[in-house]
Amino acid sequence: MTPLLDASLAELCRLLRTASAAAACEAMDGRGHLSPDISALVPNLLCAGPAYTVRAPAGYGDEIVRAADEAPPGSVIVIDVGPAQDVCTWGGTGTAVARRRGIAGVVSNGRVRDIAEIRRARFPVFARGVIASGWARGRPGSTGDPVSVGGRIVRAGDLICADDDGVVVLPQDEAATVLDRLQARLAFEREASRIVDADGRYADVIAAKSPRIE
């Protein structure tokens, strides 16, 4: 990675932590959003950071345990269990460890359990829903490889921005371009708020011009 791209990626990550999934999607020109089947299980939280990717055989937690223990602080653990997705991929113990270690959140194409514990911890988790069953051990997968989650390929180091509106993936090799678009989008949102606060009309907001505003 070149120093310029590295700097753009770091700044984009910082900015995403002040933004929203909707703003991230607009900065991606409407691309990058995961299937709405994967949604926020803990409301009113923003999750943003680089992806730490996990491939886990359905029903087995070896790599997920490893991710909770080893993913870098600030990262988002992204779990792919393949097509058999009605399986447990996260729970209360992983949440306690990840929260203590400064992990930003979890995105999974499977399900989670111990949701009451996770919600009490206010830890961002985005998944297909909940399930009572746990997992077995003894079938390792991998970490750091590309994964397929919610209809998108996610590579280690791609940026994730997720909130109640959904999950957006921002490819790391587009960081410089997306950074410029996100800065423009957030500037527009500030201007839109100013117009509304000054008793402006919706049409006035649209006239202020931003890409893909609705």
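The values are calculated or read from the model by the stated rules, or taken from the named source; none is laboratory data. Fair warning: this is a prediction, and the values are worked out from it, not measured in the lab. Reconstructed Cβ throughout: ideal geometry from the backbone, glycine too, with neighbour counts over all protein chains shown. What goes into the accessible areas is simple: the full protein's heavy atoms, side chains included, and nothing from ligands, DNA or RNA. Shrake-Rupley method; radii C 1.70, N 1.55, O 1.52, S 1.80 Å.
Against the list (1) more than 30 Å from A84 (Cβ to Cβ); (2) not in a helix (DSSP H, G or I), the condition S35 fails is (1). Among residues of the range 62-86 that are in a loop (DSSP other than H, G, I, E, B), those with a Cβ under 6 angstrom from a residue that is among the hydrophobic types (A, V, I, L, M, F, W, C), sequence gap 6+ or separate chain, pair up as A71/I77; A71/I103; G74/A104; V81/A56; V81/A58; V81/V87; G82/A58; A84/A58.
Going residue by residue through the range 47-57, is there one that turns out to be of a type in the set (A, V, I, L, M, F, W, C) and surrounded by fewer than 24 Cβ atoms within 10 Å (Cβ to Cβ)? No: the range 47-57 contains no residue that is of a type in the set (A, V, I, L, M, F, W, C) and surrounded by fewer than 24 Cβ atoms within 10 Å (Cβ to Cβ).
Residues are listed down the side, and each one gets a yes or a no for (1) without any contact (Cβ under 8 Å) to a residue 12 or more places away in the chain; (2) part of a loop (DSSP other than H, G, I, E, B):
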site: I103; (1), (2): no, yes
site: E117; (1), (2): no, no
site: S133; (1), (2): no, yes
site: A175; (1), (2): no, no
site: S193; (1), (2): yes, no
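Considering D180, D165, D204, the condition of being out of contact with any Leu (no Cβ under 8 Å at 6 or more places or on another chain), open to solvent by 20 Å² or more (accessible area, probe 1.4 Å) and within 24 Å of V78 (Cβ to Cβ) is satisfied by D165 alone. Do we find a residue being over 25 Å from A127 (Cα atoms) and charged (D, E, K, R) anywhere in the range 169-179? Yes, there is a match, as at least one residue in the range 169-179 is over 25 Å from A127 (Cα atoms) and charged (D, E, K, R).
If you go through the range 156-173 and pick out every residue that is part of a strand (DSSP E or B) and either charged (D, E, K, R) or in contact with a His (Cβ under 6 Å, 6 or more places away or on another chain) (or both), you end up with 3.
As a summary of the residue check, A127 satisfies the conditions (1) under 23 Å from C13 (Cβ atoms); (2) touching a Leu at 6+ places or on another chain (Cβ under 8 Å); (3) surrounded by fewer than 22 Cβ atoms within 10 Å (Cβ to Cβ); (4) small (G, A, S) except for the one numbered (3).
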